[in-house]
Each structure stands twice: as structure tokens, then as C-alpha cells.
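The values are calculated or read from the model by the stated rules, or taken from the named source; none is laboratory data. Note that the coordinates shown come from a computational prediction; the quantities given were computed from them, not determined experimentally. Counting neighbours? That spans all protein chains shown, and the Cβs are built from the backbone with ideal geometry, glycine included.
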């Protein structure tokens, strides 16, 4: 038995209802993005608001809080039990700290801001969005103050997405990364071995054919489609779980440049695999899901980049591409490999390759820190964006839409979220090197022995769910927490040798 | 404003969470039948059980019950407000009456019984199912006793599906129906104008083509697909609503005998239309849905039979059939009309035509009454089934599967449900005659002026939701409650003239 302490058992029994509310919210969330008729949003919004209020009430119920506090004082808890207490204490702390007026104000402001942002982006009108952005940073700063922080208000916000992450960690990691990445970008682009563009990026495909390819890949990965998983279509690809037995991913079909839908599927598969490989004994408990955004992104980027963009995967998947996409027949596996791995400094984060991607994150993280500390104002953002873009990647946005207005995150109030993307990239490379001590990775991928990789991830990381905080989990699994050296090493080996 | 009384407003504010739980349960229910991966059932079962317990707790919360009681004593409530009190009082009464052990026992027994029933049916083994059926009738009888009844325990069960319906009403209605129907069946089948079988019943179709036909029909009916509605595929066709802005129907494609999927779509459309035409001001309240199963079935059977199986609809839809189903080209609209309206006394309820259908219900209702009153035993059911089938329709089942084991209802504990099917059939004919005072129905259908019919239904019945109890609603809308004369009249006119 995983859970033995009677107090913990009592907590988990009470927690099942909270879990059920979460399950229902996930089903509704999935439905909203996939099949819900447009006007259904009215009813859905009411239901979700009611259920999120209920969730908060249940978490903050005095009897429940008391039980968690009592359990926290027990000395003989096992690791799983400690994990339950830790996760619940964190949630209770945050929900207690934020005054209802602030929660309501943030919710109202971001609901409006998302609509305005969409409009502002399409009109290329930063002024329109400015007052909302100012208010969101202001409210976020207030939230940080209520939650409490050590050296920088950013500490409190980072911690919401990546437990235990502090501003100084981000600064240290990014400081280590920036000069090496800059050098690397210059070298890779001037060497010219990896193309800046590829004619396959312009070629149209038939979505139904591409769906066959995507499903075939998932089949190779033993993704339990129809049994414990689904693949659907949505405007933005995502992964969501209804529990350990039901994990769903989505993709989109742009109709051109087939690698985009293919890598979005492989990326989301990485997220889903994490969820699918959690120990089923953790079902319906607070530790029955991935521990943090960074660790989650590490899994998805591992499958997308380390596996999916490798030479051996290109060779492995080539026959499937050739069979289903007529135009591929003109290209060799090597051509396809270079198509999968074009490298070009560009303006849009979501289209960036793995060499330049993290520069986009560095830029955003720096701006977030400065804004939160009141060192700059909303008015300064477009100009700073432009300068930093030029400094980091040597390109400058011509419009707000390809600059400061490009991401949805700030309009949603997700400040402190961006750094987790780079954490994920760091982790993906770290896993690659740790794994290579046990598995000849290129060989395994080339042979389609994906289950060996999955088993390794399961035993080291996945099965634990949120039992350990991210840093401790990574130290246990890899011998160290996030470290930027491996990513630089991996990129240099791949792109410069 | 629909709701003005401050007590009612307070009740409705508290009710929103209960509504939200219902919304979430609907989304989960829809998902379970359409897209959920198979093993997802494990997580779903846990979530649904937790949420149904929560629903009961919220309904029975002392503050809530007290508010409802207080509101019930107010003298100046308007009709909507009275409706809110009535519906909530009914729910509180039932939830208070049933002791938790009985709810748990019924739930456990029926969960098991449904599995055993499926197996028993496929093995044609009544003995296997017998102990479960005996227990279900026993527990249902106990439930009736706890809820309370006047003259017959069946009263209490009927009332759960059709508010205010008593055993004597069912007996009276069915007594009026039985001899006339029997006579009618003899006359129709001996006249031979309407065929017993039709060669189109054996012809295969392509599901994708049939989907076009189904969607085209829904388009003619102005069903708001994609906006406030969906059409999906499931093992058994059903309608479910997530609220007034999101109503979903399903059908299935057997691949042969195209009228089956077509009429299932028209039938479910009838249910959905009811939900879609409820006054939006009743959203998120206890009266924002259809008032009873009988009234609901009246709407679906009206569209399926009175509209869908009419001569003028056959002519109206013929071009669409011809365009999409190649084999239809060999047939005239008149051929198609007779294909839509074959009449044959047969063993299986769900395949029955509109002339013989109600005999299947009469049989089941009689057996339910006898069982509940301990006048017969489970052992007697197969033989009685066979005798009554012979008496009512002149056919005898050769197996249990085509006799006493054919329906899922008893295994689900739905005793008292069957009569609502016949109530629906009665009502569909009643609406036909009432409507004909305002609309030339055949002409409107022939011209595709379905919106005139819909508007009529909306103003008379739909918009009120559950504001009035069924009997009162029907008296208001049609001048009288359920009356079996109109159905006999309609069937005679259609099949004997």
C-alpha cells in the first residue's frame, strides 16, 4: 500500500470530491476546445465559474485545512504521504493568501484583456492593449505581495508554475545560457549546413493523409488510442488529462508544412506519456499528476526534439511519410532531416527552431522581471522588445503583432510562466545525457524501441507524479536539478559537428 | 423580470452551483457515450459517483431546504416562482425519503444487473437474470413505500418520471386505447394497403452519404448545428442538454434500412427542439428544462411520426434522398412513403411501427403493476409475456431475448418509465389536432415551413420549461391533459382512409 497513515487516508477520502471537480473541469475544458457548439460558451462559463469557486471552498474548508496541518506534523510519513501534504499545503497557502477581491479582479481583467489582446494584435494597436497590460502587471505584483516573496516579487509568481523556482535560479540559468547560445547561433547560421529555409515548408498536404501519419507515429509510440487516450483537433494543440486512465491530446492541420502538425503531435505525446505513466496507485490524489510545468515541458521537448528531430527518427519514419505523402517521394531521408531542422533567427516564438527558441524566452523573462520590479513601464515594452530582439537574434519586429503583442500569456495573467519553457528545454537535454548511460539512444530510436525510452522515463520521473518537488525529483532522477550546460552541449554536438 | 421575489432570487443564486454540477454531469454523460476512451470509464465512474453525492448534499442542505420551505409559504409568487418551489420541493421530498442504504443498494444492484442482463440476453438465459430482477422489483417496491403512495405502489414510481401521474390514470388511458388499437391493427393489416415488409429495409447505404441526408434534414428544421447544437454518433441514440445554449443529439448508422437512422435523428431533434425553445430567462434554474418524460416524448414522437412519417414530408424530402442515396432513384415518393410506414405486429418494441408500438407498452405496464403489487412473481414473467404478446399482437416470442429480456429498463431499475412512451404517443396526436386549428399541417410540412410548427410548440409548450406540472401545462396548451382518443383517431385516419 502506498498510503498507510490514517490521517492521510482521511485526507484522501475527502480529497476525492475535489479530484472529481477537477475531473469535471478537465472534461469541460477539453470539450470547450474541441466539440462544444459556439454558443455553448455561455452555459460553460457559468458552470466553470461555479465549480472553481466550489473548488476553492473545499480546499479551504476548516476541517480539511486542519487535517492537512495535523498531517504535516506527523513524523513518520512516507514519501508519497509527504508529497500529499506538501502539494495540499501549497494550494491552501496560495488560496488563503489571495484576497477574493484580487482573484475576482484578476479574473475579470484577464477575461477582458484576452478579448482586447486578440483585437489589438489583429489591428497591430499596442495602445489599445496597454491599459490592460499595465493593470495585469499591477495586479500580479499585488498577488506576489500577498503570497510573499524573498528577494524579488517574481519569486512568488515563478513558484506558482514551478515549485521552488526563484528569480535567482532563472537569472543564473539564463546567464549561463545566453552567451553560449549567442555564439552557437552565429556559428550554426554561418556554417550553413543546416538550412534557413526549406522548400517543403511551402508544400501543401491533405489533412486526412497527415492524420494517418500522426496516428501511425502514435502507434509506434504505443500511445493507447481509444483505450486510455485520444487525438483530436483544436485551434491550439494541447494535452489534458481526466485522470490516469484518460489522457487526451490535440493537434491542428494547417494544410501546409507537414512537420508542424507532426511535431505538435509528438510534443503533446510527450506530455501525455508523463501522465499515462504515473503510478495508478496515485489516482484521485493530489500527487496523481505531473509535478510542474518545467518537468512537463521537459518530457514533451524530449520527444519532440531529442527523439523526433533526430537523424535516426527521420530514417525510422521515412517509409511512413513516403507511403502517405506523395510529395515526400522526391526527397531522401537526409533531405527530410534538414527540413525538420531548419535554423533561422526569427521573430515568432512558436515557430522558432530549437537553436534559437530559448532567446525568445530570455527576452520575455527579462521584461517580466523588470516590469514586476517597476524598473520599466508598459510604455517602454515595445522599444525594449525590439532592442533585445536585435541583440539576441539580430532581427527586429516591424509590427507590434510580431513583437510585444505576439503571445497570449500576458493577457491571461500568466506572468512567470515563460521561463518554464526553457526549463523544459534544459531538462530534455539533461535526460538525453543521463539516458545515454543506459540506452544507446540513436540506436533505440532507429530500431523503434521506444518502449525502452519510455520505461526509463517512467522509472526515473513519471511514476512519481508530484510526490517530490521538481528539484528533488530531478536530483533523484538525474543527480542534479536544472543545468544549462547539457542543452548547449547537445545543440553544439547536433548542429556543429 | 421573470423572478422578482427576493426569497426565490436567493434560492436561485444558491441553485446555480447545483445547476453547474448538473451541467458537468451532462458533459461527462455525453462524453461517456461518444468520445471517451474505453478505460476512461474508471476515472469517470469515480467522478460521477462523487458528484451525485454532492448533488444530493447540496439539495438537502438545511439552509437550502429551509429557504425552499419558506418560499413555499409565500402567497404572491408568480407562475415561474411557483414552478421553482414545486420542482425543488419534489426533489427534496424524494431525496429525503429514500434512505441512503436503499439508494446505495439500488445503485449497486442495478450496476451489476445491467451487466448480467446483457450477458443473459445474449445467452438467452432468463434464470441468470431472475434473482437480480426479483431484487430490483423488491427494492423498487421499498422505494415506493418510502416515498409514499395513495392507491398503488406504482403511483410513487410513475410520479418520478411523470409528475402527478397515478396508476389509475395509466389504467384509464390504456383501457381506452387497448380495444381500439386491437381493432385497428386487425383492420390495417388485413386491408394490406400498408405493407408488412418493404424491400428497402434490406438495402445497404453508405453512412457518410446518410450523414449528409441527416444533416440536410436538420438544416431544413433550422437546427442550430455548431451554434447551439451537435449531432454525433453513439451506440444508442439520445438527446442531452448542457443548458439552453448547448443541446446535443446522437444517432447511429446500422448501414442498412436507412429510415432507421433518419427517424432516430428526427426523433432526437424533437427532444432537442423542446430544450432549445425554453425561455432563456429560465437558464440555470430548476425549471429550465423539459417538465416530464411524457411531454418530452410527445415532442419527439410528433416530429418523428406526425411530421416525419407523413406523405407531405416524404414528398418534401424525396429530392434530398434521391440526390444522396443512389438506390432511391428506383422508387417513387409514394414507394418511400410506404417504406416509411410498414405495419407489422412484431416482437421487438424498438422496431415497432406507430400502429403496434403502444401494445408493447401496455404489456410492460401491466406486468410492472402486477409485479409491484406482488400479484405475480418473477417466475411468471416469461409465460405471461408470451400470452399477452399473443393476445395483444398475435405473435409469440420464441426466445427470452425477443421476449422478457429484450429491454434494458428493468435492469436499470427504471420501473414506471415505460408508460411515458405511450403518453408521448398520445400527446403527439393531441398536438396534431390542436395545431390543425391554427396551421394547415400537411401544407406547412410540404412547403418546408417547419418554423411555423416550431413557433406554435414554443408558445404553447416549450418556452415554459418546467414552470407548470405536466397536466396543468397540457390543459393550458391544449385544453386537456393526456387523452387517448386523438391517437386512435389519427391512426385511423392515416391508416384506414
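Odds and ends about this structure:
- Residue count for the stretch B:349-375, restricted to those that are farther than 17 Å from residue B:407 by Cα and surrounded by fewer than 16 Cβ atoms within 10 Å (Cβ to Cβ): 3
- The combined condition, being in contact (Cβ under 8 Å) with a residue 24 or more places away in the chain, within 14 Å of another protein chain (Cβ to nearest Cβ) and buried (at least 20 other Cβ atoms within 10 Å of the Cβ), is not fulfilled by residue B:314.
- Only one of the numbered conditions (1) more than 14 Å from every other protein chain (Cβ to nearest Cβ); (2) within 30 Å of residue B:238 (Cα to Cα); (3) in contact (Cβ under 8 Å) with a residue 40 or more places away in the chain is not met by residue B:18, and that is (1).
- Criterion: at negative phi and assigned by TED's automatic domain parsing to the domain that holds residue B:415 - qualifying residue of B:141, B:90: B:141
- Hits in the stretch B:290-319 (condition: outside any helix (DSSP H, G or I) and under 19 Å from residue B:414 (Cα atoms)): B:290, B:291, B:292
- Some residue of the stretch B:39-52 being over 18 Å from residue A:49 (Cα atoms), out of contact with any helix residue (DSSP H, G or I) (no Cβ under 9 Å at 6 or more places or on another chain) and more than 11 Å from chain A (Cβ to nearest Cβ): no
- Meets criteria (within 14 Å of another protein chain (Cβ to nearest Cβ), surrounded by fewer than 19 Cβ atoms within 10 Å (Cβ to Cβ), more than 20 Å from residue A:279 (Cβ to Cβ) and touching a residue at least 12 places away in the same chain (Cβ under 8 Å)) for residue A:58: yes
- Leading residue by the ranking (nearest to the other protein chains (Cβ to nearest Cβ)) among those in the stretch A:229-243 that are crowded, with 24+ Cβ neighbours inside 10 Å and in a loop (DSSP other than H, G, I, E, B): A:243
- Residue match in the stretch A:170-181 (condition: closer than 30 Å to residue A:335 by Cβ and part of a helix (DSSP H, G or I)): yes
- Of all residues in the stretch A:244-273, those being part of a loop (DSSP other than H, G, I, E, B) and surrounded by fewer than 19 Cβ atoms within 10 Å (Cβ to Cβ) number 5.
- On inspection, residue A:27 does not qualify as assigned to a helix (DSSP H, G or I), facing chain B (nearest Cβ under 8 Å), free of Cβ contacts under 8 Å to residues at least 60 places away in the same chain and more than 14 Å from residue A:286 (Cα to Cα).
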